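A short worksheet on the structure shown next.
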Amino acid sequence: MPNNPSSPDLTPSILFIDDDADVQKAAALLLPRRGFSLLSARDPAEAWSVLSAEPVDVVLLDLNFRPGSVSGAEGFACLEAMVAHDPDMVVVIVTGHSGINIAVAAMRAGATDFVMKPWNNDRLVATLTAAVAVRRQRRNADPVAPQPAGHAAEPDSPIIGDSPAMRRILEPMRRAATTDAPILLLGEAGTGKSLLAHSIHRLSPRAGRPLATLDPMALWSEGEGAWTTALAAVTPDGTLFLDEVGDLPQPLQARLLAFLKERPHLRLVTASRQKRDALQAGMLQSDLLYRLNIVELSLPPLHERGDDVRLLAVHFLHLFTRRYQRPALTLSADALDIIAQASWPGNIRALAQAMERAVVLARGTVLHPVDIPIQAPLPDGVAAARPGDGDLNLTRSEKAIVEAALRRHGFNVSHAASELGLSRAALYRRMARHGL
């Protein structure tokens, strides 16, 4: 059953607006069996009647309602009216007459996500589950409480994107999520490993039990006792997510192995920015890697995800516009083009940070290329001030770069790590190395 963070006893409700009786029947056969309450409407006029009488969590909206119509005009008009009527409305579009461009346009108009016809049942359920979480998060959120860009998409945001690179990950992820098998997530910093871990938990049979998220290096920096205390607090039949497990010092690896033997019913999800070859080469003990690596999923860097970049940019635009209570903003076509063409060495985290800055500093209602802070990539994805050109000592250079980023962000580790394109654990390790 889909997670309901605000009211566990209330079944999530979906209003499906589609004029195709066969498609409506398919939804009616699927969604109630997956824990949703389904309301139906054949067109926008009927949908407004339903909305006036019944509260809903998510609107699932087809874009065409007349025979032979493929423009999506009716659906876009309905989408814009619903978002204008209720800014917290969560709308997922579904259409068989579109490509990525119409999905981007719908998200620019206020849609949260999209599903293509004919849909994959597991993808539809996962998309609606995440959309329900977004709706209830919006109802309960403090609209003026900003968060660092590194947390922009965690933990209840939908996984945005439908590129071939992501489909190769999401399809096995959904199959593995329904089991208790340990899952190892690999990918560069900022590729969305934490978000994927939360999605795995939401789709698993343990969704109603606690998910404990631990950053081993952050705990290690606080002293050995912090690690032991944190593990002791993990629910035996819940799920444990260990971020940057490749950074675990040998003493912690031994303790983790002993802990896992004591908690045989614990579901384990781990993540690392290191490639499997590096983990196998001695970063992790072989018996520990064997326990973690029953299912391995490698997340692609953002520059390999094609038009997903455009969808993510629009998603973050809406997210930060709402968070900072700014007037409605849109991205010009030129701005979307330069966003899609950028290399994004910091991946999704860097894109989120760029969109957050663009929203905060926006001078009008349309963002143009000059408004998007895209930095040229530096070696190792470091986007920060460099030491003097004459200083070629790598240790001093790294220390200067890390210290400069920390000072710019008032020693806020999450913000500095986001700018540097590093995980928090990796930044903690560099801080310890340089005495910072």
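Only residues that are under 20 Å from Leu422 (Cβ atoms) and assigned to a helix (DSSP H, G or I) were counted in the range 277-295, giving 3. For the range 353-371, the set of residues classified as among the hydrophobic types (A, V, I, L, M, F, W, C) and outside any helix (DSSP H, G or I) consists of Leu361, Ala362, Val366, Leu367, listed by residue number. Of the residues making up the range 81-106, those that are at pLDDT 80 or above and hydroxyl-bearing (Ser, Thr, Tyr) number 0. Residues in the range 102-137 that are in contact (Cβ under 8 Å) with a residue 40 or more places away in the chain, over 21 Å from Leu38 (Cβ atoms) and assigned to a helix (DSSP H, G or I): Ala103, Val104, Ala106, Met107, Arg108, Gln137. The residues of the range 337-365 that are at pLDDT 90 or above and among the β-branched types (Val, Ile, Thr), listed by number, are Ile338, Ile339, Ile348, Val359, Val360. Pairs meeting the criteria (first residue in the range 20-46 and small (Gly, Ala, Ser), second residue surrounded by fewer than 17 Cβ atoms within 10 Å (Cβ to Cβ) and part of a helix (DSSP H, G or I), beta carbons under 9 Å, at least 6 apart or on different chains) are Ala26/Asn121; Ser40/Ala28; Ser40/Glu46; Ser40/Val50; Ala41/Trp48; Ala41/Ser49; Ala41/Val50. Looking at this structure, is Val269 surrounded by 14 or more Cβ atoms within 10 Å (Cβ to Cβ), of a type in the set (A, V, I, L, M), in a loop (DSSP other than H, G, I, E, B) and under 24 Å from the mean Cα position of the chain (by Cα)? Considered against the rule, which asks whether it is surrounded by 14 or more Cβ atoms within 10 Å (Cβ to Cβ), of a type in the set (A, V, I, L, M), in a loop (DSSP other than H, G, I, E, B) and under 24 Å from the mean Cα position of the chain (by Cα), Val269 comes out as no. Take the conditions (1) modelled with pLDDT of 75 or more; (2) under 29 Å from Thr270 (Cβ atoms); (3) in a loop (DSSP other than H, G, I, E, B); Ile374 misses just one of them, which is (2).
Restricting attention to the range 108-129, the residues that are touching a strand residue (DSSP E or B) at 6+ places or on another chain (Cβ under 7 Å) and under 16 Å from Phe316 (Cα atoms) total 6.
For the range 60-80, state whether one or more residues are part of a strand (DSSP E or B), at pLDDT 85 or above and not acidic (Asp, Glu). There is at least one residue in the range 60-80 that is part of a strand (DSSP E or B), at pLDDT 85 or above and not acidic (Asp, Glu).
Residues in the range 238-255 that are in a helix (DSSP H, G or I) and more than 17 Å from Gln280 (Cβ to Cβ): Pro251, Leu252, Ala254, Arg255. Here Phe114 clears all of (1) over 19 Å from the mean Cα position of the chain (by Cα); (2) at pLDDT 85 or above; (3) over 12 Å from Ile17 (Cα atoms) except the condition numbered (1). Among residues of the range 52-76 that are in the same structural domain as Ala133 (by TED's automatic domain parsing) and of a type in the set (Val, Ile, Thr), those with a Cβ under 7 angstrom from a residue that is surrounded by fewer than 20 Cβ atoms within 10 Å (Cβ to Cβ) and in a strand (DSSP E or B), sequence gap 6+ or separate chain, pair up as Val56/Ser13; Val56/Leu39. Residues in the range 256-266 that are without any contact (Cβ under 8 Å) to a residue 12 or more places away in the chain and assigned to a helix (DSSP H, G or I): Ala258, Lys261, Glu262. Taking the criterion of being among the β-branched types (Val, Ile, Thr), out of contact with any Pro (no Cβ under 9 Å at 6 or more places or on another chain) and either at positive phi or at pLDDT 90 or above (or both), would at least one residue in the range 293-311 satisfy it? Looking through the range 293-311, at least one residue is among the β-branched types (Val, Ile, Thr), out of contact with any Pro (no Cβ under 9 Å at 6 or more places or on another chain) and either at positive phi or at pLDDT 90 or above (or both). Looking at Arg206, Arg310, just one residue is in contact with a Ser or Thr (Cβ under 6 Å, 6 or more places away or on another chain), over 17 Å from Ala189 (Cβ atoms) and of a type outside the set (A, V, I, L, M), and that residue is Arg206. The conditions of being at pLDDT 75 or above and in a helix (DSSP H, G or I) are met by Ala416.
Output yes when any residue across the range 212-219 is modelled with pLDDT of 85 or more, within 17 Å of the chain's Cα centre (by Cα), surrounded by 21 or more Cβ atoms within 10 Å (Cβ to Cβ) and not assigned by TED's automatic domain parsing to the domain that holds Ala425, and no when none is. No, the range 212-219 has no match at all. The residue that is farthest from Asp237 (Cα to Cα), among those in the range 177-207 that are part of a loop (DSSP other than H, G, I, E, B) and aliphatic (A, V, I, L, M), is Ala189. Would you check if Ala400 is over 19 Å from the mean Cα position of the chain (by Cα) and either surrounded by 15 or more Cβ atoms within 10 Å (Cβ to Cβ) or at pLDDT below 90 (or both)? Criteria met by Ala400.
The values are calculated or read from the model by the stated rules, or taken from the named source; none is laboratory data. Just so you know, these numbers come straight off a predicted model, no measurement behind them. Here Cβ is always computed from backbone atoms with ideal geometry, including for glycine, and neighbour counts include all displayed protein chains.
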